[in-house]
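The values are calculated or read from the model by the stated rules, or taken from the named source; none is laboratory data. Just so it is clear, the model here is predicted, and its values are computed rather than measured. Glycine gets a Cβ as well: all are built from the backbone with ideal geometry, and neighbour counts include every protein chain shown. Quick note on the areas: whole protein, heavy atoms, side chains included, nothing else; ligands and nucleic acids left out. Shrake-Rupley method; radii C 1.70, N 1.55, O 1.52, S 1.80 Å.
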Amino acid sequence: MAYPFSEIEPKWQKYWLEHKLFNVEPKTGHKKYYVLEMFPYPSGKIHMGHVRNYTIGDAYSRYKWLEGYKVMHPMGFDAFGQPAENAAIKNNTKPDIWTHKCIEWMKKELERMGYSYDWDREVSTCDDSYYKWNQWIFLKMFEQGLAYKKGSNVNWCPSCETTLANEEVIDGGCWRCHTKVEQKDLEQWFLKITEYRDRLLEDLQQLKDWPERVKAMQSNWIGRSRGVEIYFRLKDSDKTIPVFTTRADTIFGATYIVLAPEHPLVKEIIKGKAEEKEVLSFIDKVSAENKTVRSSEDVKKEGVFTGCYCVNPVNNETIPIWIADYVLMEYGTGAIMAVPTHDQRDFLFAEEHNLPMRIVIHGPGIKTMDPEYLNAAYEGNGLQVNSGQFNGLFNEEAKIKIAEWMEEEKIGKIQTHWRLRDWLISRQRYWGTPIPIIYCQKCGIVAVPYEELPVKLPEDVSFTGEGGSPLGKVKEFVNVPCPKCKSPARRETDTMATFFDSSWYFLRFSSPRFNNGPFDKEAAKYWMPVDQYIGGIEHAILHLLYSRFFTKFFKDLNMIDFDEPFKKLLTQGMVLKDGEVMSKSRGNIVDPDSIIKNYGADTLRLYILFAAPPEVEMEWSERGIEGAFRFLNRVWRLLEYCKDQPQGKIVSFELRKKTHRTIKEVSEDLENFKFNTAISSVMELVNAIYQNVDKDVSEAVRAVILLLSPFVPHLMEEMWQELGNKESILKAEWPQYEDKFIRESVIVMPIQINGKLRSKIEVPIDISEQKLREFVLDDDKVKSWIQGQVVRNFIVVPKKLVNIVI
RNA sequence: GCCGGAGUGGCGGAAUGGCAGACGCAGCAGCCUCAAAAGCUGCCGAGGGCAACCUCAUGGGGGUUCAAGUCCCUUCUCCGGCACCA
């Protein structure tokens, strides 16, 4: 008979909720802990990804409770966003009605999993009590010049009919619908995240408990490159062309320069030259080419000579100016110095067009100084040659010396280039936070006064699905007086990207009902930073970068006193089915509901933690679920050996040892999120109990119940109560192991001969080396192995093993 | 190309430089049963041997060490990020 999970689980869920066991308030003298999982978009249904994410957080959170911490473990909903608009059109309803219904369903699903949330702290970003503070933050940024509007070439998703941030473009497609992103010239709102680029990069070093790959991804995205801007004067002119290089050490080898075809100087310098026609037709050809085609790697590098020359400022050499398609206007200055001997792209281009070369770095592998014999550029390190007063220096050193010298001579400037661009946050959608700005004919761009916040989303909006910003069609919303001069003005009809909402929700949780600001300074001081954050790797750049930016902004406003919002980060792996991500289109979704129905939430929780370490991908297996279920039934039946037992049953010392060791192992594993091995240790203990059912197993069973309770909370509450405990297991203490059971008096010592295991002998743990040697050499197997051979070495690793070298 | 991560049985996965494969899944055998299910017990990397046991084995090749899945060098493959980025 399977254990009655469908009765046990709802019973305890109700109990936890009614007794408010997970509600916390700041309290002096208590250790606080803040566990947070990335809050979901309320689609109405949870999927296995949620289950994995939230089960990891819940197990850890419950463990921290038992350890004696006051654990804040909140949950909320990232409730703005496009799917609600689409659903509203499809189901002929309104986004807010739809969203609130979804939130209700979703909450029920989360409750059915037995998660330990403090529901009193719940927030939804679509409530005006929340988005009011989005607007407040926006206005603070606007005041500081960190939020600004500008016209530029922006990413446009034709399917979502809205703009996208650079971070939202994945492989040239929209992050949500994968539609190919187009470019459009539009006036849009940006946040000056670039103002924080140094700190966003440098502070990554503080994040000791973040995964390397996340830090690497952010660092790549921010993309700092240090180098020198060098000024090449045009021959017979006062004009200069700046080029950017990270290899100032190769400047003496620059034998020509190359401009991007779009470079503004090109048309000017070729005017009247014999080459003008050819150059213009080349420019036409390149501009007709698709941008992605042009930047793909295997396309041959093409270019033409402009007929113009410039002067290399370090040696006054006159060198030709070319234009080529492999130089991009978007990066650096749109112009490069070409050093074919030490840059492979320049090398290929120079060979193709028969341009001169000169070696300036002498690497260890280079035998001749004659570039004629090169068949590839040498991009490694070496000593400077043909480099004037820098000859003989190691190039890495020369790189710095040359840069400094160029600055002194005013022929160059040390510079840093960044890949990170400002964050485009305006969206031409309805279901988001209205941007609190009014446009006045006389006063220009005017901020909505703080006391008029929130600018509420109008409710009676018709969704036709025919495109264009829906808010623009609501006259009462758009037409307002200017806050300054009271003359008729027009309200901004774009809304904020939803990533704005999620960039600070972790702070809101510390004081979710606070109405004098986005969060209460004191509460934030107590709870923040988040001690443990858990979520998917897909947010490695987007959400995590934006949240770090907001945190630094709040620090600059003196609202908080720390730099980084998330102390420790765990990125959980995806749940796969048959080697692929579960998705509707693949039709391989396993619905958590059906698993709960057939096996219970405890089984699902146990399985998902046991099947793989949390940070790696896990393959879904129905057999695995059955195994987990089998194990829980086995645990449930342990009660038979605890209740109504005959008096005078003997306590097994071996079992006590196993029990205390298990406590030690599970505690250590939990600290390191090694749920899979923690569970396997408990499984071993359960196996050991079944080997000892004729003895008194009560201590061991009690340990099993406590150790499993973070993973399997409902069943363990039930068993805890069955053992006669009156209070919730959450009021119990995490078990402590006793040293005397961990220490061994006798151990089985493996004996290796030449590193290979040949025998084992049982010896007292504190045996002297002399005694041990005697025992070992007296062992029959050892004798037969070393028979007639000389023992060259006798290595004893105390309490570990013996290795005899013969 | 640069940066980050990973390669261990049929499968998921264990191993502070010290007995490779814990635990689970699948498989095989037995017990229980009229029978089945459930449960319980045992076996379960490959090759050799009646057996005791031996040999090989952690992507490949070198090295350090008494001892390497683990450290170093090199190489291959896969996954992720960035990239004609100067």
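Annotations for the structure displayed:
- Counted residue by residue at 0.36 nm each, then reduced by the alpha carbon distance between them, the extension gain from A:Asn166 to A:Glu262 reaches 32.3 nm.
- Using a probe of 1.4 Å, the accessible surface attributed to A:Leu604 totals some 0 Å² when neighbouring protein chains are kept in position.
- Surface composition of segment A:16-174: carbon plus sulfur atoms hold 49% of the accessible area, using a 1.4 angstrom probe and ignoring ligands, DNA and RNA.
- Note on A:Glu276 and A:Asn91: the extension gain reaches 60.5 nm, defined as 0.36 nm multiplied by sequence separation minus the Cα-Cα distance.
- Projecting the Cα atoms of A:Ala732, A:Gly334, A:Leu772 onto the dipole axis of chain A, where Lys and Arg carry +1 and Asp and Glu carry -1 at the beta carbon, places A:Ala732 farthest toward the positive end.
- Solvent-accessible area of A:Ile414 with every protein chain in place, 1.4 Å probe, in Å² to the nearest 10: 80 Å²
- Spacing of the two label points (7 Å from each Cα toward its C-beta) at A:Arg226 and A:Val651, in nm: 6.4 nm
- Chain A has equivalent-ellipsoid semi-axes of 59, 44, 23 Å, by the square roots of 5 times the alpha carbon gyration tensor eigenvalues, sorted largest first.
- Using heavy atoms of the protein chains and a probe of 1.4 Å, the accessible area assigned to A:Trp175 is about 80 Å².
- Relative to the Cα centre, the charge distribution of chain A, modelled as +1 at Lys and Arg Cβ and -1 at Asp and Glu Cβ, gives a dipole magnitude of about 1040 debye.
- Inter-label distance, nm, simple model (7 Å from Cα along the C-beta direction), A:Glu727/A:Met329: 7.2 nm
- Accessible area in the full protein assembly, largest first, 1.4 Å probe, for A:Arg233, A:Arg758, A:Arg429, A:Arg630: A:Arg630, A:Arg233, A:Arg758, A:Arg429
- Remark: segment A:443-504 carries a charge dipole of roughly 320 debye about the Cα centre, counting +1 on each Lys and Arg Cβ and -1 on each Asp and Glu Cβ.
- Computed with a 1.4 Å probe over protein heavy atoms only, the accessible surface of chain A comes to 46 Å² per residue.
- Cβ-based net charge around A:Ala447, under 11 Å, with every Lys or Arg adding one and every Asp or Glu removing one: -1
- Taken as Cα centroids, segment A:590-643 and segment A:478-539 sit 39 Å apart, rounded to the nearest whole angstrom.
- Dipole of chain A, positive direction: furthest Cα of A:Trp785, A:Ser511, A:Gly472, with charges on the beta-carbon: A:Ser511
- Relative to the Cα centre, the charge distribution of segment A:386-435, modelled as +1 at Lys and Arg Cβ and -1 at Asp and Glu Cβ, gives a dipole magnitude of about 560 debye.
- Listed by chain and number, the aspartates and glutamates whose alpha-carbon sits under 16 Å from that of A:Lys401, ignoring those within fewer than 8 places in the same chain, are A:Glu229, A:Asp249, A:Glu409.
- Extension reserve of the A:Arg490-A:Gln736 stretch, reckoned as 0.36 nm per residue once the Cα distance is removed: 81.9 nm
- Semi-axes of the equivalent ellipsoid for segment A:1-142, computed as √(5λ) from the eigenvalues of its C-alpha gyration tensor and ordered from largest down, come to 29, 23, 12 Å.
- On segment A:571-671, 50 percent of the accessible area sits on carbon and sulfur atoms, based on a 1.4 Å probe.
- Computed over neighbours whose Cβ is under 9 Å from that of A:Arg112, the net charge equals -3, Lys and Arg +1, Asp and Glu -1.
- Dipole of chain A, positive end: most advanced residue of A:Phe631, A:Gln389, A:Ile103 [Cβ charges, Cα centre]: A:Phe631
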